[in-house]
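These notes concern the structure reproduced below.
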Amino acid sequence: MKHFFIIYLLALFTACSTKNSEQGEGTSNSFDWLLGEWEQTNTDATYYETWEKTSDTIYEGIAVMLDGTDTLFQETITLLKTDEEWQFQVIQNGESNPTIFVLDARTATTFSCSNPENEFPKQIKYSKSETGLFATISDSERKIDFEFAAR
């Protein structure tokens, strides 16, 4: 009986560990592949994203588009875990309230999030490969791809 109880506890522990690992909840670095400075390579414009990890549940970024030394566009981007879900929050320069996208799916090196109420984009996707970082913003009618290389 004692051996059965030990085997039962081991099986229960293994099942719980596997579930947490599959969901990504047990790992503190599930979005660490975003970290660093990234420069867009598939456009003539100068566009950068910089990401840093401020805690196990908060990743903060800034996106900037430049024309020479003039800033054309800037936004603060945050990926954070709330009590119930991961959110991708965007605050455009000059605004105080974020546009919130809810995480729909993720793997070890990808994630997608959506906000069906937002005018554009309604969906944001990020993925990491050996060659760089890729992002897509889209709705049902248009799609914009971003290809980044590490700076």
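Please treat every number below as a calculation from the coordinates, not as lab data. Everything numeric here is computed off the predicted structure, so don't read it as measured data. A quick note on method: Cβ atoms are made from the backbone with ideal geometry, for glycine too, and the neighbour counts reach across all protein chains shown.
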*Restrict the search to the stretch 94-151; then list the GluC sites (Glu not before Pro) that DSSP places in a loop and that have at most 11 other Cβ atoms within 10 Å of their Cβ.*
95, 117, 119, 130, 141
*In whole Å, what is the distance between the alpha-carbon centres of the stretch 121-144 and the stretch 55-75?*
17
*By how many nm would the segment from residue 67 to residue 107 grow when fully extended, if each residue of separation counts as 0.36 nm and the alpha-carbon distance is taken off?*
10.9 nm
*P(r) histogram, all alpha-carbon pairs of the stretch 31-150 included - 10 Å bins from 0, percent*: 13, 46, 36, 5, 0
